[in-house]
Structures are given as structure tokens and as C-alpha cells.
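Everything on this sheet refers to the single structure shown next.
The values are calculated or read from the model by the stated rules, or taken from the named source; none is laboratory data. In this text the structure is predicted, and so the values were computed from the model without any measurement. Cβ placement follows ideal geometry from the backbone for every residue including glycine, while neighbour counts extend to all protein chains displayed. All accessible areas refer to the heavy atoms of the entire protein, side chains included, with ligands and DNA or RNA removed. Shrake-Rupley method; radii C 1.70, N 1.55, O 1.52, S 1.80 Å.
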Amino acid sequence: MSGKGHGRGQGATLKDDTPAASTSAAIHVVWETPTNPGHTSKLVKWLVDHPVDCIVLFSENKSAPRLEGRASGKTKVEICTVIDEVIFKDDGDWAETFKDHPAKFSKAVQDRLGM
């Protein structure tokens, strides 16, 4: 980790903070607001419920003991793609933008996790 605070605080990824972001602009996800505290909560709940994925996401030790079960993806990026779908696919504010630009949301999840 670079120590630059990447993905910390209220938002991850820069530029446009509206759900109707253009195709060239990065998406700025506000993870927590007084009216919608749910994005980070959904992320944490998913991580708690998927310990095998946490090993892939956060362990640098490839020889670490494996928990029973299968990871949601083989790489960190694949797992972040699964996470972004859980968080944003049916979100009232982001569903339409997610449908059009899912890769941008995967990047927002990666940034939030400090990857």
C-alpha cells in the first residue's frame, strides 16, 4: 500500500459525483452520507460473510492456510467485480450508471479497499 490514503474517507475515485456520469469521467462514489449510510455497510457485511475472498484480497502470503470454500474470483479484480455488483446493481442512486459502466464501480471498490 502506498500510504497516500487511497480510497479512504468519504469517496473513492475522482471527478464526477453524479449518477449520470459521462463515459469518460471517473465515478466518484460517496460511500457514506447522512441519508445513505449503506455502501460501506454493504461492503463490510460482504467481506465478513466471505472470508475466503478476504484471504485473496488482503493476504500477500500465497502459502497462507486456505479456509474451506471457494473464492468468488481468482484475482482481486474479479472479486471486486463481484462486490461492486452486490453493492451497486440494485442501488436506487447508482443502478442505471452501474448498468452502463460496471468497470468504473469495480475500480471504486478497489480504491475503497486500498488496492
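The order of Glu78, Glu68, Glu32 by accessible area, most exposed first and with a 1.4 Å probe, is Glu68, Glu78, Glu32.
Using a probe of 1.4 Å, the accessible surface attributed to Asp84 totals some 0 Å² when neighbouring protein chains are kept in position. Taking θ as phi - 60° and the Karplus parameters 6.51, -1.76 and 1.60, the scalar couplings of the stretch 103-113 work out to 5, 5, 6, 4, 5, 5, 5, 4, 5, 5, 7 Hz in sequence order, x denoting glycine and proline.
For the stretch 39-113, with all protein chains in place and a probe radius of 1.4 Å, 56% of the accessible heavy-atom surface sits on carbon or sulfur.
Largest accessible area first, the listed residues Ser59, Ser106, Ser72 line up as Ser72, Ser59, Ser106 when surface is computed with a 1.4 Å probe on the assembled protein chains.
Exceeding 19 Å between C-alpha atoms, which entries from my cross-link table qualify? They are Lys42/Lys74; Lys45/Lys104; Lys74/Lys107; Lys45/Lys89; Lys76/Lys99.
Numbers: Lys42/Lys74 22 Å; Lys45/Lys104 21 Å; Lys74/Lys107 17 Å; Lys45/Lys89 16 Å; Lys76/Lys99 21 Å.
Cα-Cα > 19 Å for Lys42/Lys74; Lys45/Lys104; Lys76/Lys99; rest within.
Measuring only protein heavy atoms, the 1.4 Å probe finds His28 accessible over about 50 Å². Placing +1 on each Lys and Arg Cβ and -1 on each Asp and Glu Cβ, with no other charges, gives the stretch 39-113 a dipole about its Cα centre of roughly 320 debye. Sorted largest first by accessible area at a 1.4 angstrom probe radius, with every protein chain in place, the residues Arg112, Arg66 fall in the order Arg66, Arg112. Couplings for the stretch 85-101, taken from phi via the Karplus curve 6.51 cos²θ - 1.76 cosθ + 1.60 with θ = phi - 60°, read 5, 4, 7, 10, 4, 10, 6, x, 8, 10, 4, 5, 5, 4, 4, 7, 9 Hz in order; Gly and Pro are left as x.
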